[in-house]
Amino acid sequence: MTRVLRAAVVAGVLSGAPSTLHALATGGDVLAATRAAGTLLPGRRASVVRGAVAHVLLTAGWTAVLAALHRRRPFGAVGGAVAGLVIAVLDLEVVGRRYPAVRALPRGPQYADHLAFGALVGALLSPVRRETNGPLLSCRV
């Protein structure tokens, strides 16, 4: 369970980097995706606090799904990125199309966030092992 929690926290924090960097590079709103996520909660109001809550819930839910799949068949970072792509289609195209704030987000950076999320979760759920030539730790990819 510790590995799953760590994967959720690390992936939840770091996977927003692509869209954040894109927003900074283009002069966009770095909190637009967070506010858009707030509209997914009942009441559909956009706010940073509601968006943060929605992101935590979505991160926990998707990490739990990926952890369950990973227990049956470990997939590493590459398989996790593929899972992130599937999650992006579900989040952005199937569910998100009914939410104007989500629909308005630039797609490329959002897909990149989802790919990063899946890759991070996949890598972090994979067993950590010691290298035979020294004390360095590595994750199976």
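Bear in mind that the values in this text are calculations on the coordinates, not laboratory data. What you are looking at is a predicted structure, and each value in this text was computed from that prediction instead of being measured. Positions of Cβ are backbone-derived with ideal geometry, glycine not excepted, and every protein chain shown enters the neighbour counts.
General observations
- Single residue of R71, R6 found to be among the basic types (K, R) and under 15 Å from the mean Cα position of the chain (by Cα): R6
- Check on G76, of a type in the set (G, A, S), on the phi > 0 side of the Ramachandran plot and touching a residue at least 40 places away in the same chain (Cβ under 8 Å): yes
- Selection status of R35, in contact (Cβ under 8 Å) with a residue 12 or more places away in the chain and in contact with a Phe, Trp or Tyr (Cβ under 8 Å, 6 or more places away or on another chain): no
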